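Just so it is clear, none of the values below were taken in a lab; they were calculated from the coordinates. Note that the structure is predicted; figures quoted are calculated from it, not measured. With ideal geometry, Cβ positions are generated from the backbone for all residues, glycine too; neighbour counts draw on all protein chains shown.
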Amino acid sequence: MNNPNNAAIIVAAGAGTRLGAATPKQFLKLNGLPVFLWSVRAFQKTRLFSQIIVVVPSVFVRRLTPLAQRNNFTLIAGGRERHDSVKAGLKGLNDSIHYVAIHDGARPLVTPEIITRGIAAAQRHGASVIAVPARDTVKLSTKKSIVSKTIPRSSVWLAQTPQTFKRSVIERAYARRPATVTDDAQVVESTGVKVIIVPGDYCNIKITDRRDFSIARLFIKK
């Protein structure tokens with residue numbers, strides 16, 4: 001039974017220019033389904049969410065409306081930047097929502113298990129981020145590509161999504177968003193709220209270029 005207090009916002013409003021395709025990567029087909037729809041179905045399989053919002057470029061809203069109706073999710077037009085799209089998604093939440101999971105529409109291999117762990121941690125602590133430990137040594141460099149520092153690998157985590165929050169926490173954070181952020185957890189961190197790390201999966205990759213489609217197909221096949 002879906003929980004009336006939980007919602008998911010799947011951010012799929014990016015231009016996807018690095019792929020070099022005419023259609024944004026999140027709308028390209030991966031094994032027969034649009035990339036973002038894999039994520040929608042993973043959230044639905046948990047049966048923990050009463051509302052699933054997919055934020056897309058405004059020009060795609062009309063085109064994707066039949067797909068949204070068939071697959072029981074809500075479309076909302078995004079903004080110019082990612083944070084604008086997240087804020088648009090937050091404005092579309094039902095009044096009953098207490099917790100919200102925010103996920104990249106270009107991460108099609110997220111699993112119901114990962115989603116469930118993320119929301120459970122957010123319900124206990126107020127904020128959680130899915131992440132995996134760094135496997136390689138991390139180097140900081142100067143503008144001239146000279147190593148300035150080596151960071152102990154044991155303390156480095158690579159952030160993924162979903163990132164899940166108590167609604168009041170994420171809304172308050174976005175109301176005073178700092179100038180430059182790279183993900184939603186960073187927005188929350190800037191308010192002093194502690195974000196709990198939840199171990200993710202290395203298969204939960206983000207589609208960035210054409211090679212990632214090949215990798216994703218291999219993971220799906222496996």
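When you check Thr111 against the structure, is it farther than 19 Å from Thr46 by Cβ, surrounded by fewer than 17 Cβ atoms within 10 Å (Cβ to Cβ) and hydroxyl-bearing (Ser, Thr, Tyr), yes or no? For Thr111, the condition - farther than 19 Å from Thr46 by Cβ, surrounded by fewer than 17 Cβ atoms within 10 Å (Cβ to Cβ) and hydroxyl-bearing (Ser, Thr, Tyr) - is not met. Tally the residues that are over 16 Å from the mean Cα position of the chain (by Cα), in a helix (DSSP H, G or I) and of a type in the set (Ser, Thr, Tyr), restricting the search to the range 56-101. The number of residues fulfilling the criteria is 2.
For every residue, the table says whether it meets (1) exposed (fewer than 10 other Cβ atoms within 10 Å of the Cβ); (2) among the aromatic types (Phe, Trp, Tyr); (3) in contact (Cβ under 8 Å) with a residue 24 or more places away in the chain; (4) in a helix (DSSP H, G or I).
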site	(1), (2), (3), (4)
Ala121	no, no, yes, yes
Val132	no, no, yes, no
Thr164	no, no, yes, no
Thr180	yes, no, no, no
Val198	no, no, yes, no
Asn204	no, no, yes, no
Phe213	no, yes, yes, yes
Arg217	no, no, yes, yes
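From the list Ala185, Ala173, the one residue that fits, being surrounded by 18 or more Cβ atoms within 10 Å (Cβ to Cβ), in contact with a strand residue (DSSP E or B) (Cβ under 7 Å, 6 or more places away or on another chain) and assigned to a helix (DSSP H, G or I), is Ala185. Scanning the range 149-160 for residues that are surrounded by 10 or more Cβ atoms within 10 Å (Cβ to Cβ) and in a strand (DSSP E or B) turns up Thr150, Ile151, Trp157, Leu158, Ala159, Gln160. On the stretch given as the range 34-64, residues that are free of Cβ contacts under 8 Å to residues at least 12 places away in the same chain and either more than 20 Å from Arg82 (Cα to Cα) or touching a His at 6+ places or on another chain (Cβ under 8 Å) (or both) total 2.
Matching residues to (1) within 25 Å of Val195 (Cβ to Cβ); (2) not aliphatic (A, V, I, L, M):
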| position | (1), (2) |
| --- | --- |
| Asn71 | no, yes |
| Leu90 | yes, no |
| Leu93 | yes, no |
| Tyr99 | yes, yes |
| Ala106 | yes, no |
| Ile114 | yes, no |
| Val129 | yes, no |
| Val132 | yes, no |
| Pro162 | yes, yes |
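Screening the range 21-32 for residues that are touching a residue at least 40 places away in the same chain (Cβ under 8 Å) and surrounded by fewer than 20 Cβ atoms within 10 Å (Cβ to Cβ) and picking the one that is farthest from Lys221 (Cα to Cα) gives Leu28.
In this structure, is Val100 within 23 Å of Val187 (Cβ to Cβ) and touching a Gly at 6+ places or on another chain (Cβ under 7 Å)?
Values: within 23 Å of Val187 (Cβ to Cβ): yes; touching a Gly at 6+ places or on another chain (Cβ under 7 Å): no.
No; evaluated as a whole, the condition is false for this residue.
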